[in-house]
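What follows is one structure encoded as structure tokens, with my remarks underneath.
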Amino acid sequence: MASTKVAVAILNWNGINYLQSFLGKVCEYSLSDAEVWIIDNASSDDSLSYVRKNHPQVKIVELDSNLGFANGYNQGLKQISAEYFILLNSDVEVTPGWIKPVIDFIESDDQLVAAQPLILDQRKKDYFEHAGAAGGYIDKDGFPFCAGRIFDSFEKNHGQYTENREVFWASGASLFVNAHHYFESGGLDGDFFAHMEEIDLCWRLKNRGFKIGVCGKSSVYHVGGGTLNKLDPKKTYLNFRNNLYLILKNDFDGFFALRIFRRLILDGIAILRFLIEGKPAFVLAVLKAHFSFYKHFPKMYSKRLALRELADNPNNHGRFRASILVHYFLKKQKHFAELPTDLFSK
């Protein structure tokens with residue numbers, strides 16, 4: 001595999017600590033299979049001087065301003081020529097031989113255009129990590145979850161996910177994607193700012209009939225929470241708002257207004273839970289998320305109309321045709337293997 005075929009692209013903004021911790025292994029375990037790039041969002045720390053001094057083989061794209069996660073990648077990747085991009089978080093520890101199995105998997109099927117390796121916890125390496133785990137799925141109400149991680153229940157890795165599989169979405173922490181289809185689909189949506197933009201990208205690709213996968217023959221370790229801690233109300237705001245964006249833009253299975261109404265009820269229950277737990281900041285975060293969604297509804301609805309024109313052969317493989325909330329909280333099915341397989345679309 002020629003090195004120009006694959007480009008590992010790490011988006012950086014004042015992340016010198018992560019670069020010092022993880023870039024060395026990225027170079028050691030990647031340069032035989034790929035080019036390694038840093039896309040820098042106008043950092044004000046010593047990130048780039050560190051890279052130039054310690055890893056001169058790493059190529060750099062310098063952006064003039066901080067464009068955020070989605071737009072930073074979109075603009076940076078335009079300056080990188082490759083057949084496949086690997087969008088890699090700066091807080092990911094890669095492993096020997098991590099690239100080739102995923103590329104081989106993608107190239108085994110013409111319809112497979114994006115995939116992820118297994119994503120394990122860098123701090124607790126025998127457990128799956130929140131952002132992607134062993135591949136992503138989504139339930140009938142638009143709630144995402146993973147094999148290996150449902151809400152806050154994390155599975156220990158004992159080799160249960162070593163087979164390559166088709167899933168509904170792949171994690172942006174280590175996202176392998178065909179460059180042509182990345183750009184053709186519009187890349188990441190900058191209106192998301194952060195969180196779930198990779199799910200949005202995968203859903204758009206699936207609505208065009210393509211497949212998303214997880215490669216069980218490759219694994220990486222993710223620190224997680226590098227941008228926003230999971231207990232941060234801002235992350236709660238983004239997750240609730242962006243989840244509504246996901247549904248409005250991409251869910252063409254049934255009457256979307258009814259789905260939004262159901263989400264109003266479910267998010268209201270979440271507000272009650274935050275009130276009972278004495279977390280007023282999170283109550284405000286959910287309310288703010290809904291107000292932002294309504295404010296931007298016309299823009300997102302126009303995106304929906306445009307995307308629906310392209311959705312001529314939707315691929316719903318990996319859609320859970322039930323409520324993950326019911327199965328997790330009421331039926332106490334905490335692990336992926338406990339979910340009824342007949343409820344997943346094939």
Total residues in segment 280-313, condition assigned to a loop (DSSP other than H, G, I, E, B) and either of a type in the set (D, E) or modelled with pLDDT under 95 (or both):
3
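Can you pull out every residue in segment 197-217 that is closer than 17 Å to N250 by Cβ and not in a helix (DSSP H, G or I)? Walk me through how you get there before you give the answer.
Going residue by residue through segment 197-217, those that are closer than 17 Å to N250 by Cβ are 197-212.
Result: R208, G209, F210, K211, I212.
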Only one residue in F336, F240, F293, F256 is in contact with a Cys (Cβ under 9 Å, 6 or more places away or on another chain), outside the structural domain of A70 (by TED's automatic domain parsing) and either crowded, with 17+ Cβ neighbours inside 10 Å or without any contact (Cβ under 8 Å) to a residue 60 or more places away in the chain (or both). Which one?
F336
All-but-one check, N243 against (1) assigned to a helix (DSSP H, G or I); (2) of a type in the set (S, T, N, Q); (3) over 20 Å from N207 (Cβ atoms), failing number (3)
All but one of (1) of a type in the set (G, A, S); (2) surrounded by 22 or more Cβ atoms within 10 Å (Cβ to Cβ); (3) within 28 Å of F252 (Cβ to Cβ); (4) out of contact with any Phe, Trp or Tyr (no Cβ under 8 Å at 6 or more places or on another chain) hold for A170, so report the exception by its number.
(4)
Looking at F282, F193, F274, F261, which one is among the hydrophobic types (A, V, I, L, M, F, W, C) and on the phi > 0 side of the Ramachandran plot?
F193
Restrict the check to segment 125-138 and report whether at least one residue is under 18 Å from Y328 (Cα atoms), surrounded by 24 or more Cβ atoms within 10 Å (Cβ to Cβ) and β-branched (V, I, T).
yes
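With respect to V61, determine if the residue is of a type outside the set (K, R) and free of Cβ contacts under 8 Å to residues at least 40 places away in the same chain. Please lay out each step first, then the result.
Working: of a type outside the set (K, R): yes; free of Cβ contacts under 8 Å to residues at least 40 places away in the same chain: yes.
So V61 passes the test.
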Quick one: how many residues across segment 3-51 are under 22 Å from the mean Cα position of the chain (by Cα), closer than 28 Å to H180 by Cβ and assigned to a loop (DSSP other than H, G, I, E, B)?
3
Taking the criterion of being assigned to a helix (DSSP H, G or I), touching an Asp or Glu at 6+ places or on another chain (Cβ under 8 Å) and basic (K, R), would at least one residue in segment 261-275 satisfy it?
yes
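The values are calculated or read from the model by the stated rules, or taken from the named source; none is laboratory data. Bear in mind that the values here come from a model prediction, so they are computed numbers and not experimental data. Glycine gets a Cβ as well: all are built from the backbone with ideal geometry, and neighbour counts include every protein chain shown.
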